[in-house]
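Below is one structure; the comments refer to it alone.
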Amino acid sequence: MQLAFAASGQELITRLQSGSIYQWSIAGEARKKIGETKDLFAFSEDSRMMIINNEQQEVKLIDLDTGQERLLTKGPFEHAAFSRHGDRVALAGEATNVEVWNVEEMRRLQVLTPGLPVRNGLAISPHGRFVALAEGTYSNADGHQTRLELWDVAQRRIHWEKDGRDHGMIYGMWRTQFSPDGLLLATTLQQDKKSGLRVWNVETGREVFRTNNFESYWVRALAFSSDRRHLVSGDELGNLRVWEMSSGELVYEKNEELVVQAVTVSESGDRIACGLWDSTIHVVELQ
């Protein structure tokens, strides 16, 4: 499941495990089906644009307000991410290189070659300068082998990387996320069958936040607040948590009783939506 608030904070755009995409009105608790996708889904709050794909491997851009569809490209892509204003989109698949596109011009800007397959997802910074790649392989003999690469798109080079194989960690298995101002990069991790979070300074690669040893095997959901003061996480044991970035303190916790698959925070910061294993969505009002 994937979730995103529309800019007003009164609507949610949701992609369910089935591939169905719905637009929810929070006030009226009404929903409307607005599309289907095979693998890809991303939503830009600012441009109100979605990206999806189909069985023919066509990658399409859809204007949420007009319903207009545009064919961007074709290929076996499995992951997509928009820049903040929706003017850039990054595409990746386990068997592909990473492509960065100018949405307005429908033009491919750059092709990046990751060190490992982009198996676990990607994120693009708000202004499109950086792309973060959660890469990995899996085998019965070696288990998960993962690496997180931060690429400078214009320079077509790795800005910095974190190799989980050096520390016995699994990086970015479920979520990797830039802060809304693009200054921080957060990811989920696992070590010794316990999960945690890491946040780094994007420019320097210096670690600025860590928390470890969650009893849950995986943290599946991750989102920053719009002012990047808080980081929200959701895990397989149903724990919804809010962390204060400046102090590293846990400031809110609630158990949702089911696996938390996705979280998103409204622009105003007073609402958290979390998508659960059974495809229900809970909206939490924060004080």
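Across segment 259-283, what is the total count of residues that are surrounded by fewer than 17 Cβ atoms within 10 Å (Cβ to Cβ) and either touching a residue at least 60 places away in the same chain (Cβ under 8 Å) or out of contact with any Cys (no Cβ under 6 Å at 6 or more places or on another chain) (or both)?
9
Restricting to segment 93-102, count the residues that are farther than 18 Å from Gln57 by Cα and in a loop (DSSP other than H, G, I, E, B).
Residues that pass the stated criteria total 0.
State whether one or more residues within segment 102-113 are assigned by TED's automatic domain parsing to the domain that holds Ser83 and closer than 22 Å to Gln2 by Cα.
Yes.
State all residues of segment 224-253 that are surrounded by fewer than 20 Cβ atoms within 10 Å (Cβ to Cβ) and more than 15 Å from Phe214 (Cβ to Cβ); if no residue qualifies, say none.
Ser226, Asp227, Arg228, Arg229, Glu244, Met245, Ser246, Ser247, Glu249, Val251, Tyr252
For segment 28-44, which positions are aliphatic (A, V, I, L, M) and at pLDDT below 95?
Answer for segment 28-44, where residues must be aliphatic (A, V, I, L, M) and at pLDDT below 95: Ala30, Ile34, Leu40.
Only residues in segment 78-96 that are under 12 Å from Met49 (Cα atoms) count as the first member; pair them with residues that are of a type in the set (Ser, Thr, Tyr) and in a strand (DSSP E or B), Cβ under 6 angstrom, at least 6 apart or cross-chain, and list the lot.
Phe82/Ser44; Gly86/Ser44
Looking only at strands (runs of 3 or more DSSP E) that lie completely in segment 120-215, which have at least 1 residues being surrounded by 23 or more Cβ atoms within 10 Å (Cβ to Cβ) and modelled with pLDDT of 90 or more?
Because the criterion is at least 1 residues that are surrounded by 23 or more Cβ atoms within 10 Å (Cβ to Cβ) and modelled with pLDDT of 90 or more, the strands (runs of 3 or more DSSP E) in segment 120-215 that meet it are 121-124, 130-139, 143-152, 170-178, 184-191, 194-201.
The values are calculated or read from the model by the stated rules, or taken from the named source; none is laboratory data. Predicted model, so just to flag it, every value in this text is computed and none were measured. All Cβ positions, even for glycine, are placed from backbone atoms using ideal geometry, and neighbour counts span all protein chains on display.
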